Amino acid sequence: MKKLIICIAMATTVGYNSQEIKELPGDISLPSSKDELQKIASYDKSNYKYSVEDYWSKPKQSGFKFSPDGKYFSYREKDEKGKNHLYVKNTSNNEVKRILEEKEELIRGYAWVNNKRLIYIQDQGGNENYQLFAIDLTGENNKALTPFDNVRVEILRVLKEQPDYVIIMMNKDNPQIFEPYKLNIKTGELVKLFENKDISAPIMGYEFDKDGNLRAYTQQQNGTEYSLYYRTNDKSPFNKVVTTTWKDSFSILEFDYQSSNPDYAYVASNLNSDKSEIILFDLKNNKEIKKIYNDPTYDVSDASFSRKRNYELDYISFTGEKPEIIAVSPEFKKIYSKLEKQFNGYFFTPVNKTDKEDKYLIYVGSDKLYGKYYLYDITADKVSLLMDLMPNLKEQDMAEMRPVTFKSRDGLTLHGYITIPKEISKNNKVPLIVNPHGGPYGPRDKWHFNPETQLFASRGYATLQINYRGSGGYGKDFLLAGSKQIGRNMLNDLEDGVAYAKSLDFIDENKIAIYGGSYGGLATLGSLVKTPDLYTCGVDYVGVSNLFTFFNSFPPYWKPYMGQFKEQWYDFDSEEDQKIMKKVSPALNIDKIKKPLFVIQGANDPRVNINESDQIVKNLRNKGYEVPYMVKYNEGHGFGHEDNRIELYKTMMGFFAKYLK
């Protein structure tokens, strides 16, 4: 059963339509002027080999996908204004046609549904109420499929055997709960497949098979428990199979169509283990058939299947110290062996394939390689380069992202990464930027090409990213160790990481900054409160500042998770927890902040309301502090527009140069 790990991790591709928003959100007197922000940016004066634009401009082409039959190849291409339009290329004659123009709203994502029609999603002003659209490969018949105000749509399943249909869920009839619909992508016809009636015990997830039959659903009970209900066929009743709390996981990955038993399914579960593992499970009899794969250190919860071979399990993937792929089927083992020889030393993964599975799109990358896409033609047994995403960023110039492991002060093993500028030495110590990830519960930092840490390294800053307690991927006990530790042991983990970094003997102990987005912004503010002498300065990007106002601003579809929230974050109805909340809410402890702070906010953020940034800026300015404040009124929870993102990092680089150089 799939449950929400309540987090505020950042979404970085959002859009805005000025026609839809009549009043600007927040206190419009607070944001710094353009001239003030440009003055800060001007402190980053050196003549560097690579500019901010080199790291943060979007690739010229991206979003590559095959049509299901492989006759067409689609991609996004950026114009001189930074807009990413959608193109389709005929692979037989190489004819290219732009089928969709990106205007004010960013295209959040797109996919082929059948050989003639594609779907794409957009929101308004970064509000994350995603709407679904469809368009022909010719660019004709562009249709809004879910034109409903204040409704969020999520795609549950593309029905390959019914090529004009997809299954979606949306909160159209009640903003707090989602119901499944079968949607005709040609006509827009919607058929509700199941009613989610009980708001006190809502259904939180649905499992459909390849033929579009609802086989299982997960129902919340008592606010913190989840029961998986399963039926053997569409004429049978749903029976309860497994009940867990939010602390456990049990989710169906795919039904086992190769088995003679129709009730078998591959699941990811940690019910009988600390780490999530892949299991073949009998849903009818609530019985584990066999363990497929587990890892002693990391959660394993992703698997890929071959539709061509009746959904045979091809491979298992998970994030360890670096990304890992475990080949399972004989057919994929051959493919993996070929690619492993071709891309030795790099991370590679299939990202797309044709229905015949005769052509694979392979992404190849590393900590120093932004990314390349290759075509693997299985029939010809040939691998060919399609696109080097950022050829201007030379691998030999990029910084190493080194995995690190250390112990916290209370004995917990912590993992993370440090990105190291090339010029470091014992005689040339460099400033450190501590960069806590968002979430906090569930997400984690990973080994990959990170344009942010590479930009920092190019300016001579090392970056430390710590997967503090509560981060995902390290098992149930590690996740739960973060419960009710916001502003407490979670920050201790960051401080212990700084102590570890100092032991590496190339960090300038007098020049340590902290910067984070989303929960990382709260961690930044909290660190400036808790350890005001440890950090030189801080940058808060769409971060929470006051747990009381944050809790009161949740979007309606988070409301059913309040029981879990009270156990995992803090219980705002408990007097004891309220005392902690006051202590760890930075906006309520302004007197303890004494280091320079730069605040950044998307005005239309549905997760962290602009009031969170407004109040920290206003409270500090009332105390006489100068606080630069960047607000973008066409953004939400993270900046998706290229020009905004580049301006953000130019200003941030100036801010760091002012206080760390």
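The values are calculated or read from the model by the stated rules, or taken from the named source; none is laboratory data. Only a predicted model underlies this, so the values are computations on that prediction, with no experimental measurement involved. Please note: Cβ atoms are built from the backbone with ideal geometry, for glycine as well, and neighbour counts cover all protein chains shown. With ligands, DNA and RNA removed, areas are computed over all heavy atoms of the protein, side chains included. Shrake-Rupley method; radii C 1.70, N 1.55, O 1.52, S 1.80 Å.
Please list Tyr376, Tyr72 in order of solvent-accessible area, largest first, computed with a 1.4 Å probe with all protein chains present.
Tyr72, Tyr376
For a Förster distance of 30 Å, can you work out the FRET efficiency between the beta-carbons of Asp410 and Arg621, rounded to the nearest 0.05?
0.20
Which of the following values of Rg and Dmax of the Cα atoms in Å was calculated from the structure shown: [x] 31.2, 121; [y] 25.5, 87; [z] 24.8, 75?
Computing Rg and Dmax of the Cα atoms in Å and matching it to [x] 31.2, 121; [y] 25.5, 87; [z] 24.8, 75 gives [z].
What net charge do the residues around Glu635 carry, taking every other residue with its C-beta under 10 Å from that of Glu635, with Lys and Arg at +1 and Asp and Glu at -1?
Computed value for this residue: +1.
State, to one decimal in nm, how far the label point of Asp643 lies from the label point of Asp149, with both points 7 Å from Cα in the Cβ direction.
Using points 7 Å along Cα→Cβ, the separation is 2.9 nm.
Taking the 0 to 90 degree range and rounding to the nearest ten, how far is the long axis of helix 519-530 tilted relative to the main principal axis of the chain, both from C-alpha atoms?
30 degrees
From the residues Leu132, Pro421, Leu190, which one has its Cα farthest along the dipole of the chain in the positive direction, the dipole being from +1 and -1 charges on Cβ of Lys/Arg and Asp/Glu about the Cα centre?
Pro421
Put +1 on the Cβ of every Lys and Arg and -1 on every Asp and Glu Cβ in the chain; which of Asn644, Ala657, Met490 then has its Cα farthest towards the positive end of the dipole?
After comparing all options, I get Ala657.
Would you check the accessible area of Lys658, probe 1.4 Å, heavy atoms only, in square angstrom rounded to 10?
80 Å²
Over the heavy atoms of Ser32, what accessible area does a 1.4 Å probe trace out, to the nearest 10 Å²?
20 Å²
So if I place +1 on the C-beta of Lys and Arg and -1 on the C-beta of Asp and Glu, and nothing else carries charge, what would the dipole magnitude of the range 379-471 be about its Cα centre? I want it in debye, nearest 20.
Roughly 400 debye, rounded to the nearest 20.
For the chain, with only Lys/Arg (+1) and Asp/Glu (-1) charged at the beta-carbon, what is the dipole magnitude about the Cα centre, in debye rounded to 20?
With only Lys, Arg, Asp and Glu charged at Cβ, the dipole is about 780 debye.
With charges only on Cβ, +1 for K and R and -1 for D and E, what is the dipole size of the range 527-574 about its Cα centre, in debye, rounded to 20?
With only Lys, Arg, Asp and Glu charged at Cβ, the dipole is about 120 debye.
So what is the 222 nm mean residue ellipticity for the chain from helices alone, if each DSSP H run of at least 4 adds -39500 (n - 2.57) and you divide by all residues, rounding to the nearest 500 deg cm²/dmol?
-5500 deg cm²/dmol
Once amide H atoms are built 1.01 Å from N in the peptide plane, which residues 5 or more positions from Leu132, or in another chain, come under 5 Å H to H?
It is Leu145, Thr146, by chain and number.
Could you calculate the contour length gain from Asn392 to Ser46, that is, 0.36 nm times the residue separation minus the distance between their Cα atoms, to one decimal place in nm?
122.6 nm
State the extension gain, in nm to one decimal, for the chain segment bounded by Asp79 and Ala499, taking 0.36 nm per residue of separation less the distance between their alpha-carbons.
So the chain would gain 146.6 nm between Asp79 and Ala499.
Cα gyration tensor of the range 559-605, axes a ≥ b ≥ c as square roots of the eigenvalues: rounded (a/c below 1.5), prolate (a/b > b/c) or oblate?
Here the range 559-605 falls in the oblate category.
Non-local amide H neighbours of Asn352 (under 5 Å, H modeled in plane, Pro and chain starts lacking H): which ones?
Under 5 Å from the amide H of Asn352: Leu361.
Quickly work out the Ala201-to-Asn93 label distance, labels modelled 7 Å from Cα along the C-beta direction, and quote it in nm with one decimal.
Result: 6.1 nm between the two label points.
Can you give me the angle between helix 489-503 and the longest principal axis of the chain, using Cα atoms only, in degrees from 0 to 90, rounded to the nearest 10?
With both axes taken from Cα atoms, the answer is about 70 degrees.
Which pairs break 19 Å Cα to Cα here: Lys81/Lys658; Lys566/Lys618; Lys247/Lys284; Lys60/Lys89; Lys39/Lys618; Lys58/Lys78?
Where the Cα-Cα span goes over 19 Å, the pairs concerned are Lys81/Lys658; Lys566/Lys618; Lys247/Lys284; Lys39/Lys618.
Which one of Leu228, Ile279, Leu253 has its Cα pushed farthest toward the positive end of the charge dipole of the range 221-295, where Lys and Arg give +1 and Asp and Glu give -1 at the Cβ?
Final value for the positive-end residue is Leu228.
For a quick check: with amide H placed at 1.01 Å from N, whose amide H comes under 5 Å from Gln221's, ignoring anything fewer than 5 positions away on the same chain?
Counting only residues 5 or more places away or on other chains, the set is Tyr226, Ser227.
Summarise the accessible area of the range 439-597 (1.4 Å probe, protein heavy atoms) by the percent that is carbon and sulfur.
The computed percentage sits at 46.
Within the range 286-322, find all residues whose amide N lies under 15 Å from a label point positioned 7 Å from the Cα of Ser273 along Cα-to-beta-carbon.
Label zone hits: 288-303, 316-320.
List, in the order given, every pair from Lys594/Lys632; Lys322/Lys661; Lys422/Lys511; Lys182/Lys210 whose Cα-Cα distance in the structure shown is over 21 Å.
Distance filter (> 21 Å) returns Lys594/Lys632; Lys322/Lys661.
Once phi is turned into ³J(HN,Hα) by the Karplus curve 6.51 cos²θ - 1.76 cosθ + 1.60 with θ = phi - 60°, what whole-Hz value does each residue of the range 313-323 show in order, with x for glycine and proline?
Residue by residue, the range 313-323 yields 5, 8, 7, 10, 9, 7, 9, x, 4, 10, x Hz.
Label-point separation (nm) for Ile28 and Gln162, each offset 7 Å from Cα along Cα-to-Cβ?
It is 4.8 nm.
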